Amino acid sequence: MPPLAVPNGFRQAKGGDSNIVTVNVGGQIFQTTKQTLTLAGSKSLFSRVSESDSVPFIDRDPELFSIILSLLRTGNLPSKAKAFDLQDLISESQFYGVETLILNSLSNPSQFDAYNLEKSLILPLNGRDSPSAISTTPFGSVHVAHGSKITSFDWSLRRKSTILTQFPAVDFLLSISPSVAAAGATDFSGLQILDLENGSVKESLNWENVTKSSSTVQAIGSSPEFLFASFESGRRNSNSILVYDLQTLNSVMEIGHNEIYGAQIDSAIPASKLSWVSSYSLLMASGSHSGIQGVLGNVKFWDIRSGSVVWELKEKVDCFSDVTVSDNLSGIFKVGVNSSEVSFADLRKMGADDPWLCLGDKRKAVNGRKEGVGCKIESHGNQVFCSKGGDLELWSEVAMESSKKSKDGLDDRVFRKNLMGRMKDTGGSKITNMGFGGNKMFVTRKDQQYVEVWQSSAREF
């Protein structure tokens, strides 16, 4: 066969023909099988090595090669890999074309272990602005909005880049891919699709009401096919949710368009959080408003195919400070703005008039104090995470005997909470954002110019 086409630092030596492949790396001989090398993929250097009839010589570090070879054999990095700098391993995996294997070993979402999360790393941000929004990708890269800037960390959290946006301050941020994000602000018109590698605006999306006034973004969400954006007019007399094709960014539908007349409080509330519920193919849109009657809000589930609301929850007593929906748990979870208690509504009982079940101590606010103001709640996997000031609660469902049924014939459901972190992780400034990517949780706090990384101690590199 013709000579093997190789990159710099790679040449060939003669050898025999066998299912056993012999490779000379930096003067050290390694042997493996063709089957092992094919696990690296057809575009990797190992693919060409496995097809060679001779003994290739690779002018690279043999110790790092042994780590990469062990990764190929088992799918996991060996314990001796901790003796090396992670960036050296990443650079070496890029040379061989197997960085994806390193990523799968160190930042796979299946490795997320909610019960063993600990604060393990601080990601510092440049400048004086605190984080206003964060967004993650499935394998653990994270984008952080602080002031008019967006700082991105790759999945290894070792490579960092910052871009300057046109916004005075970025309030909403959603990752579309590792290098593209949607961004918006409550005081700057339009939704921008940003290229995070060069800081350019790929697309600017806008909504106009009947008076053709400008509009600002109030929330961003997405599904595998669509991008969702909640807009409010500059005069705050109308709002709407637009649905865009995620690939072309063309507007395909408008739902929830409200023109507000007089004191129509319900329609005056724009959606401030958008969440896709895959198992039901519904979009959850929630929003709240503080006025002389207290805090009022609503949670609506939209069928975007018909453009109609299939379930609406009106919040008047202990309205949510924040609300989230969990596909895995088939439920909605809120933290009350007055009581700071966590409550649950079963999606299997969709349509119920009063579906909320308080999971806490059923405390009532004292002297009109709103103890839940600023509390955040997010779901990830089979758990729900709720911030109370500077602390984190982890809520999980407890398995019950299948014979126990509620009045409607469905299984009773019980949730229990645990406080997260070690003693030294508790307290601190109020938590402002939570995000999840790969096997990590990301946390930001009020007036702090950094991002906390929480992960299982067994997974730390």
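The values are calculated or read from the model by the stated rules, or taken from the named source; none is laboratory data. Computed from a predicted model, the values in this text were never measured in an experiment. All Cβ positions, glycine included, derive from the backbone under ideal geometry; neighbour counts span all protein chains shown. Just so you know, the surface numbers come from the protein's heavy atoms only, side chains and all, with ligands and any DNA or RNA stripped out. Shrake-Rupley method; radii C 1.70, N 1.55, O 1.52, S 1.80 Å.
Here are the numbers:
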quantity	calculated
Condition check for E197: farther than 28 Å from H289 by Cβ, modelled with pLDDT of 95 or more and open to solvent by 30 Å² or more (accessible area, probe 1.4 Å)	no
Criterion: open to solvent by 20 Å² or more (accessible area, probe 1.4 Å), within 30 Å of S379 (Cβ to Cβ), small (G, A, S) and assigned to a helix (DSSP H, G or I) - qualifying residue of S110, S70	S110
Qualifying positions in the range 324-354 - under 17 Å from K388 (Cβ atoms) and open to solvent by 40 Å² or more (accessible area, probe 1.4 Å)	N338
L64 vs. criteria farther than 30 Å from S379 by Cβ, open to solvent by less than 10 Å² (accessible area, probe 1.4 Å) and in a helix (DSSP H, G or I)	no
From the options A145, A133, residue that is outside any helix (DSSP H, G or I), modelled with pLDDT of 95 or more, touching a Pro at 6+ places or on another chain (Cβ under 8 Å) and not acidic (D, E)	A145
Some residue of the range 247-255 being within 25 Å of H380 (Cα to Cα) and not in a strand (DSSP E or B)	no
Of all residues in the range 208-228 being within 15 Å of N258 (Cβ to Cβ) and in contact (Cβ under 8 Å) with a residue 40 or more places away in the chain, the one that is most open to solvent (accessible area, probe 1.4 Å)	V210
Any chance A83 is in contact with a strand residue (DSSP E or B) (Cβ under 7 Å, 6 or more places away or on another chain) and within 30 Å of K424 (Cβ to Cβ)	no
Selected residue (only one of T151, T165, T137 is touching a Gly at 6+ places or on another chain (Cβ under 7 Å) and touching a residue at least 12 places away in the same chain (Cβ under 8 Å))	T137
Any hit, the range 43-59, residues being at pLDDT 90 or above and open to solvent by 30 Å² or more (accessible area, probe 1.4 Å)	yes
Members of the range 153-183 found to be over 17 Å from the mean Cα position of the chain (by Cα) and not β-branched (V, I, T), listed by number	R158, R159, K160, S161, L164, Q166, F167, P168, A169
E401, sole failed condition from (1) acidic (D, E); (2) open to solvent by 50 Å² or more (accessible area, probe 1.4 Å); (3) closer than 19 Å to L329 by Cα; (4) modelled with pLDDT of 90 or more	(4)
Unique match (being in a loop (DSSP other than H, G, I, E, B) and modelled with pLDDT of 95 or more) among V210, V170, V217	V170
Hits in the range 167-182 (condition: of a type outside the set (G, A, S), surrounded by 15 or more Cβ atoms within 10 Å (Cβ to Cβ) and in contact with a strand residue (DSSP E or B) (Cβ under 7 Å, 6 or more places away or on another chain))	F167, V170, D171, F172, L173, L174, I176, V180
Selected residue (only one of N108, N76 is modelled with pLDDT under 90 and either farther than 30 Å from K273 by Cα or touching an Asp or Glu at 6+ places or on another chain (Cβ under 7 Å) (or both))	N76
Single residue of the range 308-323 satisfying the filter (surrounded by fewer than 14 Cβ atoms within 10 Å (Cβ to Cβ) and within 27 Å of the chain's Cα centre (by Cα)) that is nearest to G291 (Cα to Cα)	E312
Enumeration of residues in the range 209-224 that are over 10 Å from G190 (Cα atoms) and out of contact with any helix residue (DSSP H, G or I) (no Cβ under 9 Å at 6 or more places or on another chain)	N209, V210, T211, K212, S213, Q218, A219, I220, G221, S222
Every residue from the range 220-246 that is assigned to a strand (DSSP E or B) and among the small types (G, A, S)	G221, S222, A229, S230, S233, S238, S240
Residues of the range 80-102 classified as in a helix (DSSP H, G or I) and either closer than 25 Å to G421 by Cα or open to solvent by less than 30 Å² (accessible area, probe 1.4 Å) (or both), total	9
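Every residue, every condition in (1) within 27 Å of F436 (Cα to Cα); (2) at pLDDT 90 or above, yes or no:
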| residue | (1), (2) |
| --- | --- |
| K334 | yes, yes |
| G351 | no, no |
| G360 | yes, no |
| R363 | no, no |
| N367 | no, no |
| E378 | yes, yes |
